[in-house]
Amino acid sequence: MDHLTALENKSIFIIREAYYRFRNIAVLWSIGKDSTTLLWHCRKAFFGKIPFPVLHIDTGYKFPEIYRYRDRYAKEWGLDLIVARNEEKIRSGMGPDKGSKLECCTELKTNALKAAIARHGFKAILLGIRRDEHGIRAKERVFSPRDGDFKWNYEDQPAELWDNYKSTTHEEDHYRIHPILHMTELDVWNYVKREEIPIIELYSSKEGKRYRSIGCQPCCSPIESRARTVDEIIEELTTTKTSERAGRAQDKEDAYTMQKLRSLGYM
Amino acid sequence: MPRRAFNGRHARALVIGLDGVPHTLLRDYVDRGYLPETKRILDCGFALRRMDASIPDVSSTSWTSFMTGVNPGEHGIYGFMELEPGSYEMRFPNSADIMAPTLWEIIGRTSCGKRSTLCDRFGAAVDSPMRSVVLNIPQTYPATAINGVLTAGFVCPDLRKGTYPDSCYDYLMSIGYVPDVDSARAVEDRDGFIEELFMALEKRRKAFEHFFENEEWDLFIGVITETDRLHHFFFDGARDAAHPLHGTFISFYRKIDEIIGKLFNRFMELTRGEGLFLTMSDHGFSVVEQTVNVNAYLSKEGFLKKDVTRRYFDMIDTGTRAFAMDPSRIYINLECRYPRGSVSEADRTAVVEELKEKLLSINAPDGTPVIRALYEGSELYSGPHAGDGPDLVALAHEGFDLKAGLQQDRVFSKGVFKGMHTQNDAHCIMSKGLEAGDGLHIEDLAGLILDHLTT
């Protein structure tokens with residue numbers, strides 16, 4: 001079996017395990033390349049028709065390309081799409097420039113997700129995170145328990161040897177399931193190429209710049225790149241040394257620090 | 001039950017830090033009888049002394065000078081913000097950027113190979129590792145494993161990462177401890193902000209007393225930062241009896257006075273009067289008359305060229321000869337140092353001279369001179385990181401608050417801030433026996449503390 005098929009098999013196994021054990025689950029779709037790859041695996045796992053909802057957390061600040069892509073493929077792939085928004089905060093004008101970026105993320109992403117989980121009673125959420133994205137993610141489990149406050153205690157996690165996943169937890173908790181945790185950024189692009197998964201145009205270079213990681217428009221910035229096709233992106237990734245999330249605006253701690261300094265008259 | 005003195009010694013040290021509390025105001029409040037506990041301490045062998053803060057007199061630099069006992073040329077912290085090497089991209093130095101060992105690293109034997117002149121002086125005298133309790137000192141985030149407990153002060157984006165060990169974090173969470181107040185609302189919601197200041201002060205008291213009684217320690221440092229916040233927004237109320245917050249000011253100080261008095265009593269009891277007791281501040285405060293935007297002035301005089309289509313310090317354009325970073329650090333835009341550097345190493349001295357002349361001639365609209373003193377980096381800093389510092393640092397006369405944002409185009413403006421830092425009016429209360437010559441400087445305190453702990 002080739003490498004990409006092995007990775008795919010593993011993901012599909014995890015997705016089916018999750019559905020079998022929890023039933024009431026949803027897959028989180030941010031429309032980026034990773035969660036779209038995850039969605040692709042979900043479709044394959046159930047022969048084209050995903051038997052659970054697809055959840056999109058809409059902060060209202062996403063790129064217009066993201067909304068267009070979402071609506072087009074939700075229809076084409078027959079997805080049971082749930083769009084979750086923290087309407088109250090969006091209406092009150094919450095944004096990265098209003099409060100701190102940390103506050104904005106907490107309200108528009110975390111709290112919107114919390115509300116959606118509570119409303120639909122999901123027992124587990126599938127997420128397209130990967131171990132190689134960020135140091136802390138290397139500590140993640142495939143079946144990752146969260147408490148009622150969404151807290152993840154990385155020092156207290158079940159061992160996951162020989163693909164045995166623990167799926168019992170306290171009543172108020174839910175699980176995060178990470179079916180593509182074992183894929184790297186390069187694996188994802190190679191898989192996108194092989195499967196011909198449609199990819200949002202933000203990833204392709206325009207005027208010497210492209211997005212390597214996408215999220216909310218105000219907090220993402222493109223990287224210098226001439227890669228316009230998937231082949232060129234793969235070529236670029238095999239030679240680059242900068243990190244994938246380098247294009248994301250300053251990390252949350254910096255944003256918090258800057259807001260604090262401003263409140264005392266600096267900057 | 002009386003506690004056993006740790007290591008069988010009474011040679012312990014207690015430092016209470018009061019962020020931004022000026023010598024003059026403290027003197028004044030003591031004389032007016034507002035601070036009975038402080039008065040009592042001063043009456044039993046302690047002196048209230050004026051102290052110089054670091055230059056620049058910004059909390060991150062000054063506190064780092066206090067906790068390492070060395071100048072920024074050795075500890076490497078020149079402000080809350082720096083530029084990435086070879087770029088105009090901003091970065092925010094944190095505890096990992098402090099290049100000299102701190103007091104607790106020296107006495108706890110956890111300096112991990114870091115060296116400084118102070119460490120060389122005292123390191124060998126630490127015969128067995130000593131424990132510290134370090135609460136709320138700015139610039140200590142993220143917390144590293146120390147011999148003792150530490151919770152970081154400003155800026156602390158994540159209390160868990162700012163606290164060591166976890167049991168300390170658990171305790172802080174249990175009392176609803178906050179690392180900082182929300183200064184952003186000080187103007188819009190004054191009463192809410194004041195209430196939050198009192199709440200935060202109460203959490204500090206609780207945490208101080210808890211760790212004082214329940215930890216083993218040789219060195220205890222607890223810092224109150226709410227004074228700095230109160231001062232930034234309302235320092236005009238410190239002495240003006242007609243100010244709506246004058247009464248609040250006094251009751252806030254009185255509450256701090258009670259905290260100091262109580263800790264002082266317990267400490268003297270524990271150490272049988274032999275412990276080293278200090279209160280100190282990282283800078284003073286005075287009332288702001290006008291904000292002086294250094295970069296606007298540099299633009300006006302042709303030193304700074306901005307490309308406003310870019311953001312933050314990336315706005316600095318080709319042709320820029322000098323720019324400033326908060327509060328008043330001036331850097332020459334050297335070819336060898338910055339991507340759009342426009343001054344050759346050979347021309348540096350000439351540009352510095354020209355800048356000095358221009359800066360010293362800034363006058364307020366009514367003709368009053370603004371700049372009190374101007375120093376070249378080489379006059380102020382020495383050590384392995386002296387070269388990372390600014391080329392010039394300006395100090396202003398009282399009333400002129402130097403700021404270095406890039407947004408303002410007017411040289412003089414008025415903001416919401418009523419208080420500004422002063423460099424020459426920090427305070428220190430110390431035993432009269434410790435008085436040694438004139439000109440106490442914040443870098444001197446660490447040596448006094450180590451001297452006490454190691455003898």
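Output the residue which, of all residues in region B:71-91 that are surrounded by 22 or more Cβ atoms within 10 Å (Cβ to Cβ) and of a type in the set (A, V, I, L, M, F, W, C), is nearest to the other protein chains (Cβ to nearest Cβ). Only one residue fits best here, namely B:80. Whether any residue in region B:268-279 is assigned by TED's automatic domain parsing to the domain that holds residue B:13 and without any contact (Cβ under 8 Å) to a residue 60 or more places away in the chain is what I want to check. Yes: one or more hits. Residue A:13 - would you say it is touching a residue at least 60 places away in the same chain (Cβ under 8 Å), among the aromatic types (Phe, Trp, Tyr) and surrounded by fewer than 19 Cβ atoms within 10 Å (Cβ to Cβ)? Spelling it out, residue A:13 is indeed touching a residue at least 60 places away in the same chain (Cβ under 8 Å), among the aromatic types (Phe, Trp, Tyr) and surrounded by fewer than 19 Cβ atoms within 10 Å (Cβ to Cβ). The single condition among (1) surrounded by fewer than 16 Cβ atoms within 10 Å (Cβ to Cβ); (2) closer than 20 Å to residue B:130 by Cα that residue B:210 does not meet is (1). Considering the conditions (1) among the aromatic types (Phe, Trp, Tyr); (2) over 28 Å from residue B:186 (Cβ atoms); (3) surrounded by fewer than 19 Cβ atoms within 10 Å (Cβ to Cβ), residue B:412 is excluded by exactly one of them, (2).
For region B:317-330, which positions are in contact with an Asp or Glu (Cβ under 8 Å, 6 or more places away or on another chain) and either modelled with pLDDT under 95 or surrounded by fewer than 20 Cβ atoms within 10 Å (Cβ to Cβ) (or both)?
Just the residues of region B:317-330 that are in contact with an Asp or Glu (Cβ under 8 Å, 6 or more places away or on another chain), to begin with: B:317, B:322, B:325, B:327, B:330.
B:317, B:327 - these are the residues of region B:317-330 that are in contact with an Asp or Glu (Cβ under 8 Å, 6 or more places away or on another chain) and either modelled with pLDDT under 95 or surrounded by fewer than 20 Cβ atoms within 10 Å (Cβ to Cβ) (or both).
Need the failing condition index for residue B:34 against (1) in contact with an Asp or Glu (Cβ under 9 Å, 6 or more places away or on another chain); (2) within 17 Å of residue B:423 (Cα to Cα), just the number. The failed condition is (2).
Considered as a group, the residues in region B:149-161 that are out of contact with any Phe, Trp or Tyr (no Cβ under 7 Å at 6 or more places or on another chain) and buried (at least 20 other Cβ atoms within 10 Å of the Cβ) include one that is nearest to the other protein chains (Cβ to nearest Cβ), and that residue is B:154. For region B:438-455, the criterion of a residue being assigned by TED's automatic domain parsing to the domain that holds residue B:50, more than 29 Å from residue B:358 (Cβ to Cβ) and free of Cβ contacts under 8 Å to residues at least 60 places away in the same chain is satisfied by at least one position. Checked against (1) at negative phi; (2) buried (at least 22 other Cβ atoms within 10 Å of the Cβ), residue B:114 meets all criteria but (2). For region B:385-422, the set of residues classified as in contact with an Asp or Glu (Cβ under 9 Å, 6 or more places away or on another chain), assigned to a loop (DSSP other than H, G, I, E, B) and within 9 Å of chain A (Cβ to nearest Cβ) consists of B:404, B:405, B:415, B:417, listed by residue number.
So, residue B:84, is that one among the acidic types (Asp, Glu) and at pLDDT below 95 or not?
yes
Does residue B:180 fit the bill of being charged (D, E, K, R), within 11 Å of chain A (Cβ to nearest Cβ) and not in a strand (DSSP E or B)? Judged against the criteria, residue B:180 is a match. Among residues belonging to region B:302-316 that are over 31 Å from the mean Cα position of the chain (by Cα) and at pLDDT 95 or above, point out the one that is farthest from the other protein chains (Cβ to nearest Cβ). Checked region B:302-316; the qualifying residue farthest from the other protein chains (Cβ to nearest Cβ) is B:302. For residue B:366, the conditions (1) touching an Asp or Glu at 6+ places or on another chain (Cβ under 9 Å); (2) within 22 Å of residue B:409 (Cβ to Cβ); (3) more than 14 Å from chain A (Cβ to nearest Cβ) all hold with the exception of (1).
Evaluate region B:356-365: report whether one residue or more is at pLDDT 95 or above, closer than 30 Å to residue B:39 by Cα and part of a loop (DSSP other than H, G, I, E, B). Checking region B:356-365: not a single residue is at pLDDT 95 or above, closer than 30 Å to residue B:39 by Cα and part of a loop (DSSP other than H, G, I, E, B). For region B:56-70, a residue qualifies if it is outside any loop (DSSP other than H, G, I, E, B) and away from chain A (no Cβ under 12 Å), and the qualifying residues are B:61, B:62, B:63, B:64, B:65, B:66, B:67, B:68. Out of B:195, B:216, B:226, one residue alone is touching a residue at least 24 places away in the same chain (Cβ under 8 Å), more than 23 Å from the chain's Cα centre (by Cα) and either buried (at least 16 other Cβ atoms within 10 Å of the Cβ) or more than 14 Å from chain A (Cβ to nearest Cβ) (or both). It is B:216.
Those residues that are of a type in the set (A, V, I, L, M) and part of a strand (DSSP E or B), I need them from region B:327-355; list them, please. Those that are of a type in the set (A, V, I, L, M) and part of a strand (DSSP E or B): B:330, B:332, B:334, B:343.
The condition (being within 30 Å of residue B:404 (Cβ to Cβ) and either under 21 Å from the mean Cα position of the chain (by Cα) or modelled with pLDDT of 85 or more (or both)) is satisfied by just one residue among A:229, A:257: A:257.
Rundown of residues vs (1) of a type in the set (Gly, Ala, Ser); (2) within 27 Å of residue B:25 (Cα to Cα), yes/no style:
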position	(1), (2)
B:342	yes, no
B:349	no, no
B:360	no, no
B:363	no, no
B:372	no, yes
B:383	yes, no
B:387	yes, no
B:421	no, yes
B:430	no, yes
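The condition (being at pLDDT 95 or above and either outside the structural domain of residue B:308 (by TED's automatic domain parsing) or buried (at least 21 other Cβ atoms within 10 Å of the Cβ) (or both)) is satisfied by just one residue among B:390, B:369: B:390. In region A:184-219, what residues are assigned to a helix (DSSP H, G or I) and closer than 20 Å to residue A:131 by Cβ? Residues satisfying the conditions are A:185, A:186, A:187, A:188, A:189, A:190, A:191, A:192. Would a scan of region B:140-148 turn up a residue that is out of contact with any Gly (no Cβ under 8 Å at 6 or more places or on another chain), within 14 Å of chain A (Cβ to nearest Cβ) and surrounded by 19 or more Cβ atoms within 10 Å (Cβ to Cβ)? No, region B:140-148 contains no residue that is out of contact with any Gly (no Cβ under 8 Å at 6 or more places or on another chain), within 14 Å of chain A (Cβ to nearest Cβ) and surrounded by 19 or more Cβ atoms within 10 Å (Cβ to Cβ).
Taking region B:236-267 as the range and being free of Cβ contacts under 8 Å to residues at least 12 places away in the same chain and among the hydrophobic types (A, V, I, L, M, F, W, C) as the test, the residues that pass are B:241, B:242. Going by the structure shown, is residue B:433 at pLDDT below 90 and within 14 Å of another protein chain (Cβ to nearest Cβ)? Judged against the criteria, residue B:433 is not a match.
The values are calculated or read from the model by the stated rules, or taken from the named source; none is laboratory data. Everything quoted here is computed from the prediction, not taken from an experiment. Cβ sites come from the backbone with ideal geometry, for glycine too, and all protein chains shown count toward neighbours.
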